[in-house]
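> After the structure tokens below, expect a handful of questions from me.
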Amino acid sequence: MEISITINGKAVSADVEPRTLLVQFIRETAGLTGTNIGCDTSSCGACSIHLDGEAVKSCTILAAQADGGSVTTIEGLASADGTLHPMQQAFMENHGLQCGYCTPGMVMAATSLLNDIPNPSEEDVRIGLEGNLCRCTGYHNIVQAVLACANK
Amino acid sequence: MIPAAFDYVRASSAEEAINLIGQHGDEAKFLAGGHSLVPLMKLRLAQPSVLIDIGRVSDLSYIKDAGDHITIGALTRHRDVETSSIVNEHVPLLAHATSHVGDPQVRRRGTIGGSLAHADPASDLPATTLALGATYVAQGPNGSREIPASAFYSGYLTSVLAADEMLTEIRVPKMNGAGWSFQKFNRRAQDWAIVGVAAWRNGNEASVALVNMASVPVLATSVGAAIASGASIEDAAAQAAAEADPQADLNASVEYRQHLARVLTRRALEAASA
């Protein structure tokens, strides 16, 4: 089936099988491999992206369901001149990553969290990121990074 | 993991969706938010040959105050239920239980009707709506019918919905200031409950329903009867597993689940009575 999804401001159209997952469409059709596949069962959050402005798990959405929608991936956060998004900057400054595998999903979930709760408590951040797992267990600095970004 | 191949059709109204499922028969499934169905399809535990996407039927996404009850469109997403001022004011137990479904990303996609129709006894909302005395509305080719939550669940992942019926609305009585509590026991924040308890109490009237204590959500009628007859919370909670028929799994034995049901029911009744 023919679908079209706007990804990071650019329309991407393709003829895909109905069973194509949104994360596949992003990685394989659009060639944007910043979005990772982790558990593949909507538990770990590594595949989190924004669909129409909100963080969702792209491994559990069919590309067909997102047809006509607008997606932002980790590649779409930084400015065109390379200036990092404040959340990316905060992760860097607070050492909010170790191996980095969960990081794109963490950053996308965290930016969505701040859209909902601009001034979160530490508890708000921990609960708000419950859908994202860090196998390095680096949660402390991730939470600090999100709080630092909120306080900027 | 990628699901087995299927045909995909999109419905723009409930009538069109019911018409489509009538054409495609038993091999077709409705796709709402997809957060129960798509994982099952990826694991090959479900292999429908046709998906009828009802996710764009926007007139089934609403929350309304209807006097003594509220009505929620079946395609209302969990996030909208969780944050609704109407639900928080009149049925706070449902708003709170909904905030425990999955995680924020899941709640932005999953729908109340999808969760109830999926009929997973380990999900939070079937038991919660059961405790609240909700009524579900199903639409089929010959019109609508009302199904009490207490008559909806017929077995594991199975309901009395006919193959060509879809859930369209959930009607939940207002709680009128009753005390309430939702207790969810799990290992990790986003997990399904090992055991969960949804409870409310208003004087000598109380209702308790159990998550993951049988192949269907369980109304703990013995607990309600004990409270009505003036029993202490401790004595009432001791009856919590009376109607249950739990299974053992990797997380818990039958005896442990029964124990959890009694402990969580006591905690829930204490909180609801405070």
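The values are calculated or read from the model by the stated rules, or taken from the named source; none is laboratory data. Treat the numbers as computed from the prediction; the structure is a model and nothing was measured. Positions of Cβ are generated from backbone atoms using ideal geometry, with glycine treated the same way; all protein chains shown enter the neighbour counts.
> Take region A:107-131 and flag every residue that is farther than 21 Å from A:Lys152 by Cβ and assigned to a loop (DSSP other than H, G, I, E, B).
Within region A:107-131, A:Glu130, A:Gly131 meet the criteria.
> Now for a separate question. Could you go through region A:70-82 and let me know if any residue there is more than 10 Å from chain B (Cβ to nearest Cβ) and closer than 21 Å to B:Leu31 by Cβ.
yes
> Being in contact with a Ser or Thr (Cβ under 9 Å, 6 or more places away or on another chain) and in a helix (DSSP H, G or I), is that true of even one residue in region B:244-258?
Within region B:244-258, not a single residue is in contact with a Ser or Thr (Cβ under 9 Å, 6 or more places away or on another chain) and in a helix (DSSP H, G or I).
> Only one of these conditions is not met by B:Gln23: (1) within 14 Å of another protein chain (Cβ to nearest Cβ); (2) over 26 Å from B:Thr135 (Cβ atoms). Which number is it?
Failed condition: (1).
> Kindly indicate whether any position in region A:139-147 is more than 14 Å from chain B (Cβ to nearest Cβ) and closer than 21 Å to A:Val56 by Cβ.
yes
> Of the residues B:Leu45, B:Leu94, B:Leu40, B:Leu75, only one is crowded, with 24+ Cβ neighbours inside 10 Å and within 14 Å of another protein chain (Cβ to nearest Cβ); which?
None of the others qualify; the one that does is B:Leu75.
> Given region A:1-106, what strands (runs of 3 or more DSSP E) lie entirely inside it while holding 3 or more residues that are of a type outside the set (S, T, N, Q) and in contact (Cβ under 8 Å) with a residue 40 or more places away in the chain?
Ranges flagged: A:2-7, A:54-57.
> Quick check, is B:Gly22 touching an Asp or Glu at 6+ places or on another chain (Cβ under 6 Å), in contact (Cβ under 8 Å) with a residue 24 or more places away in the chain and outside the structural domain of B:Glu169 (by TED's automatic domain parsing)?
Here the answer is yes, as B:Gly22 does meet what is asked.
> Could you check region A:126-142 and list, in sequence order, the residues that are of a type outside the set (Lys, Arg) and over 16 Å from the mean Cα position of the chain (by Cα)?
Result: A:Ile127, A:Cys136, A:Thr137, A:Gly138, A:Tyr139, A:His140, A:Asn141.
> Of the conditions (1) within 14 Å of another protein chain (Cβ to nearest Cβ); (2) within 20 Å of A:Ala46 (Cβ to Cβ); (3) among the acidic types (Asp, Glu), A:Asp124 clears all except one; give me its number.
(2)
> Okay, next question. Filter region B:168-208 for residues that are surrounded by fewer than 22 Cβ atoms within 10 Å (Cβ to Cβ), touching a residue at least 40 places away in the same chain (Cβ under 8 Å) and of a type in the set (Lys, Arg) and give the result.
If the condition is that a residue be surrounded by fewer than 22 Cβ atoms within 10 Å (Cβ to Cβ), touching a residue at least 40 places away in the same chain (Cβ under 8 Å) and of a type in the set (Lys, Arg), then B:Arg171, B:Lys174, B:Lys184, B:Arg187 are the ones that fit.
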